[in-house]
2 protein chains.
Amino acid sequence: MESIYRTHPCGELTTAEVGQGVILNGWVQKRRNFGDLIFIDLRDRSGTVQVVCNQAVSEEAAHVADQVRGQYVLAVRGEVIARSEETINPKMKTGRIEVQAEEITILNASKTPPFAVEDEVEVDESIRLKYRYLDLRRPMMQQTLLLRHQAMQATRRFLSEKGFIEVETPMLTKSTPEGARDYLVPSRVHEGQFYALPQSPQIFKQLLMISGMERYFQIVRCFRDEDLRADRQPEFTQIDIEASFLDPDVFQSMMEELVASIFRETIAVEVPRPFPRLTYQEAMERFGSDRPDLRFGMELVDLSPILKETSFKVFASTIAAGGAVKAINVKGQGGWSRKEIDQWGAVAQELGAKGLAWVALKAEGPKGPVAKFLSEQELADVMEAAQAESGDLLFFMADTRKVTAEVLGELRVRLAKALDLIPEGEFRFTWVTDFPLLSYDEEEGRWYAEHHPFTNPREEDIPLLKTDPGKVRAKAYDMVLNGFEIGGGSQRIHRREVQEAMFEALGFTMDEAREQFGFLMEAFEYGAPPHGGIAFGFDRIVMLLAGRSNLRETIAFPKTASASCLMTQAPAPVDDRQLQELHIMRRKQSSTEE
Amino acid sequence: MESIYRTHPCGELTTAEVGQGVILNGWVQKRRNFGDLIFIDLRDRSGTVQVVCNQAVSEEAAHVADQVRGQYVLAVRGEVIARSEETINPKMKTGRIEVQAEEITILNASKTPPFAVEDEVEVDESIRLKYRYLDLRRPMMQQTLLLRHQAMQATRRFLSEKGFIEVETPMLTKSTPEGARDYLVPSRVHEGQFYALPQSPQIFKQLLMISGMERYFQIVRCFRDEDLRADRQPEFTQIDIEASFLDPDVFQSMMEELVASIFRETIAVEVPRPFPRLTYQEAMERFGSDRPDLRFGMELVDLSPILKETSFKVFASTIAAGGAVKAINVKGQGGWSRKEIDQWGAVAQELGAKGLAWVALKAEGPKGPVAKFLSEQELADVMEAAQAESGDLLFFMADTRKVTAEVLGELRVRLAKALDLIPEGEFRFTWVTDFPLLSYDEEEGRWYAEHHPFTNPREEDIPLLKTDPGKVRAKAYDMVLNGFEIGGGSQRIHRREVQEAMFEALGFTMDEAREQFGFLMEAFEYGAPPHGGIAFGFDRIVMLLAGRSNLRETIAFPKTASASCLMTQAPAPVDDRQLQELHIMRRKQSSTEE
């Protein structure tokens, strides 16, 4: 072949090319022999096309074709021909044509792969991760990475147009005393000292605001050395954004536009705006979660006002003690067996409930252990509040507001999944706002910043910092999609007197704060503008866009739950010489521990 | 003020806005009192505008204005008014108008900054780095970061349009035995094991080719724990690119287009294409450098053919021994004093020359110690070869080809700088190709890969791998701009028999190679396509675009030559508890070393 390089992508050939000479490059997806004919499905990034090798057309090509195996890499020169009516394959994008081979060059051979390189692969994930380069050859993985690329470029395009400037912040930086566990990097030049990999560029983006950059963004790798759950990675990607001199409402609606443009440019979905806004309190009361899934109802109903004087002692005493009685209405499931109901009771107990009461609204009247303790009026009021009717099943819980919300919130989600109430392909966004600024640590006997100590309290709550810190609401906002928090942000404190009040509430003097937060506190003294921002979990957004259920499916080379890479075998032992240069040594198990 | 948020950027107000009410946000650049009038230069990212506070217009605003100091953050409500003819400031973009203040809110105060926040700052770089957030407030730094942003987006736009997909590769990966020193990250979960931060995504981008991504790019942070020179950073940014099934010539011209589009979209310079191509050998012969600066001439002239039979023994014997006699023509400098000439002789010796001979072509005839040893014919031939004429000065060197090239190459650059021969604002690109594939390590007595062992040799040189490895040319190409290597790449080996020959030349069996390069070698056995790529030094490109002379000026938060951040004080000591969790301890100086 004079040139081995492709003239056309395999997957884009159509009947328009019939009669043309083409060169294709790609991998052998399948080979089938039929007498004098050999058919090869040739696949590249764009898709697959059928190559037909006919002894009568080219003996040479047919001879080479006979040697190829799955995943061989070929250059094929040939002519696009129309398939006869009966051989058209309507399932294949290129199914109306095929390429008649005139010459085939084997660019590379391949061993038999450890699993079939196709979408429906049934193999343990650990094998897929070990041979990730083969796993990524599967069309579904390629499409996910393409979608991820498109989402990144859409983000950058949108933010650039809005005047945001992408600035790269350091990866080798300083360990911070608060927050999650840092990944450390020993310094060779500075003996006994360490860099830390950033958990987020939070401090740097605030410094960029102080330096007058006004609108910053970055799609940036962040690191947390935490015990990993199924949907966490030790390194993850964040869309990091900060702006100065921008009305928070304008900022939030700009972030809605950003997300809408990502959805439009990747999966062609139009996201309705503005997003609904729920306060933290409302979200907890109605959905028992600060990241409510709004794709289905089954909201939590507070029955405390109705039942505060009920003769059912468990309910009345809980309410009297400041707790709550709440219910969820499992629509149309009044016919469940006792066994089914008890299974959900066990789930609730596992989740932390003392018990789960229930009333089944049967045609013959309300059934269930609670039913007989409620007066007719109470039951009528409960049914009205829960919008319940005959055929429904009501689950009740009586506990503190916190436990009630947590348990019923989780139960709501699990019931919806079990009952298949969650519509596919629907995207329901919401903002959750007004998070508590501080939370009290019983053990340490002090208040902690829920987010970080630079989060702005709501103006009208500032006096409460001194009198009732737990009531202070933060100017913080989470963006929630389908039950996932996809972004979290806040307006930051920029006024010194507010910062002082904040530190006072945390039990610091300004001097102590300066000690702990060092150069950032100093920077705040040189003209910090009003500013705020947000960080989006990019991996999770891609996961939701691609309709996958696992972050590992959205990352080219992910790590396992034990933070290993099964392909490269990282982390791995290193030479002693390397450690010596870094002024560290391995700690022997016996030496200081136990 | 009802809203403090800006209606207009300061720097974009023109006479078109005269009569309009505006709100501005920004920093006080300067304040001057003139009787009842106070003038404030208010600066934001877009530029500066003059605010005038007139007692007669607003006593309140004037009162607030009187309290502000440099770098205070203000919100100013007022009216745009035209300046009278005599107060127009033609040096200021907004110099035809000013804003008459009706209300001023101090959004934040500022201490007196440690240096003036303006372009012409005369302060030690260490102070600028310590207060980087103030340094970045200077318009010149803001413009550089904006330019960096534009260069990034132009890169992504161009490559996306050409079908390249941005894929993020891991930061926590595996230490590689070859190459520069790695930054290591101890693992908490895997006792005694370490991640390494990537020196480049080389292995991952080749794996992405094996996985059929076909066109990949990434603007990516890389890490090298090397002793830092003025123009190196421990973390740096690379435009990393790889492609499969693409003719190398097409790829190189695509990369020219990429760079041209970066120059067009950032500094509106049209870069002429195609770039000239020099082989490594030609570059070394003519410019004594593999990254020649083509903005000026003064090429090295090989006089060996002319002088091989000269009676001047030093020259003749050097040539006879396989060395070279080469000269550079310092145009028009025949009148230099003996002292000036000797100074350059000293420079040459410092650079490794045994001596620097010279002939000054004076009107009265050739002068200089060498002149008398050359016959009239030899001198005439030398002058013709060096395109020399009366008034010029010729410097001669006789040594091995390698030393001659190195010394005269460096001398050429220093002479050009000293003589101010290098035109400002000119961009001269070239490719340097056909680098040697291997170099011989005298000490270890073996061949090493110049680039890495996956670099493809030129087809016609493959047989030389067995017979004369030093003659094998690589399919490698560097992109050079104004004497800087801005990008380097190669076509990779994808055929097993070539890879085997390569390893054989390096003294490995395939089994040993598999041992050393592990999973990558295994991956090559599952259908690697023909592929190649390049990596551009992004920081350096930005430096050249911005016309700066130091990489630190192009990075928001750079590190010093000792890899420290003067602002955050990274690296820094950490808690013992943190080290304990990571199964490491500090090595005591006394313990094992000396």
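The values are calculated or read from the model by the stated rules, or taken from the named source; none is laboratory data. This is a predicted model, so every value here is computed, not measured. Quick reminder, even Gly has a Cβ in these numbers, built from the backbone with ideal geometry, and neighbours come from all protein chains shown. These accessible areas exclude ligands, DNA and RNA; they are computed on the full protein's heavy atoms, side chains included. Shrake-Rupley method; radii C 1.70, N 1.55, O 1.52, S 1.80 Å.
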Q: For helix B:139-161, report the angle its Cα long axis makes with the longest principal axis of the Cα atoms of chain B; keep it between 0 and 90° and round to the nearest 10°.
A: 60
Q. So, in Å, what gap is there between the alpha-carbon centers of region B:175-199 and region A:31-59?
A. 46
Q) How high is the relative contact order of chain A, in percent, with contacts defined as C-alpha pairs under 8 Å that are six or more residues apart? A) 13
Q: State, to one decimal in nm, how far the label point of A:Glu85 lies from the label point of A:Val123, with both points 7 Å from Cα in the Cβ direction.
A: 4.2
Q. Between region B:516-592 and region B:239-298, how many Å separate their Cα centres?
A. 27
Q.
List, shortest first and in nm to one decimal, how far the label point of B:Lys93 (7 Å from Cα along Cα→Cβ) is from its counterparts in the other copies.
A. 4.5
Q. So what is the accessible area of the protein assembly as shown per residue, in Å², with the probe set to 1.4 Å?
A. 42
Q) Mean 1/r over all different Cα pairs, inverted: what Kirkwood radius does region A:284-425 give, in Å? A) 15.0
(Q) How far apart, in nanometres, would the label points at B:Glu282 and B:Gln349 be if each is projected 7 angstrom from Cα along the Cα-to-Cβ direction? (A) 3.7
Q. Given the convex hull over the Cα atoms of the protein assembly as shown, what projected area results after averaging over all orientations, in nm²?
A. 62.6
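Pairs B:Lys402/B:Lys475; B:Lys339/B:Lys402; A:Lys331/A:Lys367; A:Lys162/A:Lys205; B:Lys313/B:Lys367: which exceed 24 Å Cα-Cα?
Details: B:Lys402/B:Lys475 22 Å; B:Lys339/B:Lys402 28 Å; A:Lys331/A:Lys367 15 Å; A:Lys162/A:Lys205 17 Å; B:Lys313/B:Lys367 19 Å.
In this structure, B:Lys339/B:Lys402 lie more than 24 Å apart at Cα.
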Q.
Under the rule of at least 5 residues apart or a separate chain, name every residue whose amide H is placed under 5 Å from the amide H of A:Val325.
A. A:Leu303, A:Ser304
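If DNA, RNA and ligands are ignored and the probe is 1.4 Å, what is the ranking of B:Lys331, B:Lys91, A:Lys588 by accessible area, most exposed first? Provide the component values of the computation, followed by the final result.
Numbers: B:Lys331 105, B:Lys91 195, A:Lys588 125 Å².
Largest accessible area first, the residues go B:Lys91, A:Lys588, B:Lys331.
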Q: Straight distance only, please: which lysines reach the Cα of A:Lys588 with their own Cα at less than 18 Å, same-chain residues fewer than 8 apart left out?
A: B:Lys588
Q.
Explain nothing, just the number: relative contact order of region A:487-585, from Cα pairs under 8 Å at least 6 residues apart, as a whole percent.
A. 24
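Among the GluC sites (Glu not before Pro) within region A:265-363, which fall in a DSSP loop and have no more than 16 other Cβ atoms within 10 Å of their own Cβ? Present the calculation step by step, with values, prior to reporting the outcome.
On the way: sites: A:Glu265, A:Glu270, A:Glu282, A:Glu285, A:Glu299, A:Glu309, A:Glu340, A:Glu350; in loops: A:Glu270, A:Glu299, A:Glu309.
Passing both the DSSP loop test and the Cβ count: A:Glu270, A:Glu309.
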Q | Per-residue ³J(HN,Hα) for region B:485-495, Karplus 6.51 cos²θ - 1.76 cosθ + 1.60, θ = phi - 60°, Hz, x for Gly and Pro | A | 6, 9, x, x, x, 6, 7, 9, 5, 10, 9
Q. Using a label point 7 angstrom from Cα along Cα-to-C-beta, what distances in nm, from shortest up, separate A:Ala16 from the other copies?
A. 4.1
Q) Using the per-residue mean of other Cβ atoms lying within 10 Å as a proxy for protection, in what order, highest first, do the peptides B:440-449, A:455-464 fall? A) A:455-464, B:440-449
**Q.** A:Ser311 versus B:Lys402: modelled label distance in nm, points set 7 Å from Cα along the beta carbon direction
**A.** 10.5
Q: List every residue whose amide H lies under 5 Å from the amide H of A:Arg473, counting only residues 5 or more places away in sequence or on a different chain, with H placed 1.01 Å from N in the peptide plane.
A: A:Leu437, A:Arg458
Q: List the residues whose amide H sits under 5 Å from the amide H of B:Ile584, counting only those 5 or more places along or on another chain, with H placed 1.01 Å from N in the peptide plane.
A: A:Arg587
**Q.** Buried solvent-accessible surface, both chains (A, B), 1.4 Å probe, Å² to nearest 100
**A.** 11200
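Tell me what chain B gives for mean residue ellipticity at 222 nm when only DSSP H runs of n ≥ 4 count, each as -39,500 (n - 2.57), the sum divided by the residue total, rounded to 500 deg cm²/dmol. If you can, show how the numbers build up before the last one.
On the way: 17 runs with 175 residues, N = 594.
Result for chain B, helices only: -8500 deg cm²/dmol.
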Q.
Could you give each residue of region A:251-264 its phi-based ³J(HN,Hα) in whole Hz, using Karplus coefficients 6.51, -1.76, 1.60 with θ = phi - 60°, and x for Gly or Pro?
A. 4, 4, 6, 5, 5, 5, 4, 4, 5, 4, 6, 4, 5, 5
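Using R₀ = 56 Å, calculate the FRET efficiency as 1/(1 + (r/R₀)^6) where r is the Cβ-Cβ separation of B:Lys367 and B:Lys111; round to 0.05.
Numbers: r = 65 Å, r/R0 = 1.17.
So the FRET efficiency works out to roughly 0.30.
Shielding by partners for B:204-217, please: the mean number of other protein chain Cβ atoms within 10 Å of each residue's Cβ. Could the numbers behind the result be given before it?
Values: counts 6, 0, 1, 7, 6, 1, 8, 14, 16, 10, 8, 1, 3, 1.
The shielding value for this peptide is 6.
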Q. When the accessible area of the protein assembly as shown is computed with all protein chains present and a 1.4 Å probe, what percentage of it is carbon and sulfur?
A. 48
Q.
Treating only the Cβ of Lys, Arg, Asp and Glu as charged (+1, +1, -1, -1), what charge dipole size does chain A show about its Cα centre? Round to the nearest 20 debye.
A. 820
Q. Considering only Cα-Cα distances, which of the following residue pairs are longer than 21 Å: A:Lys30/A:Lys111; B:Lys354/B:Lys417; A:Lys30/A:Lys91?
A. B:Lys354/B:Lys417
Q | Neighbouring partner chain Cβ atoms per residue of A:142-150, average, 10 Å criterion | A | 4
Q. Relative to the other copies, what are the label-point distances for B:Ile4, with labels 7 Å from Cα along the C-beta vector, expressed in nm at one decimal and sorted shortest first?
A. 6.5
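Rounded to whole Å and sorted largest first, what semi-axes of the equivalent ellipsoid does the C-alpha gyration tensor of region A:15-108 yield via the square root of 5 times each eigenvalue?
On the way: eigenvalues 66, 44, 33 Å².
The equivalent ellipsoid of region A:15-108 has semi-axes of 18, 15, 13 Å.
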**Q.** Sparsely packed GluC sites (Glu not before Pro) within region B:82-124, loop by DSSP, other Cβ within 10 Å at most 12
**A.** B:Glu120, B:Glu122
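Among bridges DSSP assigns within chain B, what percent are antiparallel (round to 5)? Before the final figure, lay out the partial values.
Details: 92 of 99 bridges.
DSSP beta bridges in chain B are roughly 95 percent antiparallel.
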**Q.** Per-residue average of Cβ from other chains inside 10 Å of A:67-77
**A.** 2
(Q) Could you tell me the center-to-center distance, by alpha carbons, between region B:386-449 and region A:82-105 in angstrom? (A) 57
Q) So what are the ³J(HN,Hα) numbers for region B:428-435, from phi and the Karplus equation (6.51, -1.76, 1.60; θ = phi - 60°), rounded to whole Hz, Gly and Pro as x? A) 10, 8, 7, 8, 10, 10, 6, 4
(Q) Between 0 and 90 degrees, rounded to the nearest ten: what's the tilt of helix A:401-418 against the longest Cα principal axis of chain A? (A) 30
**Q.** Dimensionless Rg over Rh [region B:341-450; C-alpha; Kirkwood]
**A.** 1.06
**Q.** Cα coordinate range in chain B, projected on the principal axes (Å, largest first)
**A.** 93, 77, 57
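Ranked by accessible surface with a 1.4 Å probe, highest first, in what order do A:Ser337, A:Ser304 come? Each step should come with its number before you reach the end.
Details: A:Ser337 50, A:Ser304 10 Å².
Reading off the accessible areas and sorting them downward yields A:Ser337, A:Ser304.
Across all directions of projection, what mean area in square nanometres is found for the Cα convex hull of region B:65-164? Kindly include the intermediate steps, with their values, before the conclusion.
Values: hull surface 42.9 nm².
Hull-based average projected area comes out at 10.7 nm².
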